[in-house]
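Participant: Below is the structure I would like to discuss, written out as structure tokens.
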Amino acid sequence: QVQLVESGGGWVQPGGSLRLSCAASRIIFKIATMGWYRQAPGKERELVAHIGTGGSTNYADSVKGRFTISRDNAKNTVSLQMNSLKPEDTAVYYCNTYPGTLSWGQGTQVTVSS
């Protein structure tokens, strides 16, 4: 069973930064486009960004210019650098393949408030 383990969330004031990380099994990571998703209270889970095996990236309009997705193929990790955070970025953040074909992990909570 493939496990996805997210980390790095926390509380930050508006305008602050956080870096999320996700570890995945080597087999999946080697062949999969990986994505970061988020789910805010009372809302559907949405795609934030995804990155292909070769490094090509795509972002939701709401995070373009503020978030950066990256992957380390040697360490089987995918990261999400989040800058200029806004209260509307508050959500539980998850990683998964793109599209989300694996069982969802626990996610990591990101709270942006003053």
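Participant: Could you tell me the accessible area of residue 43 in Å² (1.4 Å probe, neighbours in place), rounded to the nearest ten?
Facilitator: 140 Å²
Participant: Given the -39500 (n - 2.57) contribution per DSSP H run of 4+ residues, what per-residue ellipticity at 222 nm results for the chain, rounded to the nearest 500 deg cm²/dmol?
Facilitator: -1000 deg cm²/dmol
Participant: Another question, if that's okay. What is the dipole size for the chain, taken about its Cα centre, with +1 at each Lys and Arg Cβ and -1 at each Asp and Glu Cβ, in debye to the nearest 20?
Facilitator: Charge dipole of the chain: 240 debye, to the nearest 20.
Participant: Taking the DSSP beta bridges in the range 7-114 as the whole, what percent of them are antiparallel, to the nearest 5?
Facilitator: Taking every DSSP beta bridge with both residues in the range 7-114, the antiparallel ones total about 90 percent.
Participant: Hey, another quick one. For an R0 of 35 angstrom, estimate the FRET efficiency from the Cβ-Cβ distance between residue 75 and residue 114 and round to the nearest 0.05.
Facilitator: 0.50
Participant: Just to confirm, what accessible area per residue do you get for the range 16-100 at 1.4 Å probe, in whole Å²?
Facilitator: 50 Å²
Participant: Then there's this: Heavy-atom accessible area of residue 27 with all protein chains present, probe 1.4 Å, nearest 10 Å²?
Facilitator: Here the accessible area works out near 120 Å².
Participant: Between residue 101 and residue 17, what is the spin-label point distance in nm, taking each point 7 Å from the Cα along the Cα→C-beta axis?
Facilitator: The modelled label-to-label distance comes out at 3.4 nm.
Participant: In whole Hz, with x marking every Gly and Pro, tabulate ³J(HN,Hα) for the range 18-27 from phi via Karplus 6.51 cos²θ - 1.76 cosθ + 1.60, θ = phi - 60°.
Facilitator: For the range 18-27, the Karplus curve yields 9, 10, 9, 10, 9, 9, 9, 5, 4, 4 Hz.
Participant: Using a cut-off of 14 Å between alpha-carbon atoms, which aspartates and glutamates can reach residue 43, once sequence neighbours fewer than 8 places away in the same chain are excluded?
Facilitator: Within the straight-line cut-off, residue 43 pairs with 88, 89.
Participant: Probe 1.4 Å, all protein chains in place: accessible area of residue 28 in Å², nearest 10?
Facilitator: Here the residue's solvent-accessible area equals roughly 30 Å².
Participant: Follow-up. Which sequence of 36, 104, 11 reflects their accessible areas, 1.4 Å probe, from the largest down?
Facilitator: 11, 104, 36
Participant: Within the chain, what whole-number % of the accessible surface is contributed by carbon and sulfur, with the 1.4 Å probe and all protein chains included in the calculation?
Facilitator: Carbon and sulfur atoms account for 48 percent of the accessible area of the chain.
Participant: So, one more: Contour minus end-to-end for residue 45 and residue 30, with contour as 0.36 nm per residue of separation and end-to-end as the Cα-Cα distance?
Facilitator: Fully extending the segment from residue 45 to residue 30 adds 2.9 nm.
The values are calculated or read from the model by the stated rules, or taken from the named source; none is laboratory data. Bear in mind the structure is a predicted one, so any value in this text is a computation, not a measurement. Neighbour counts run over all protein chains shown; Cβ positions are idealised from the backbone, glycine included. These area figures cover heavy atoms from the full protein model, side chains too; ligands, DNA and RNA do not enter into them. Shrake-Rupley method; radii C 1.70, N 1.55, O 1.52, S 1.80 Å.
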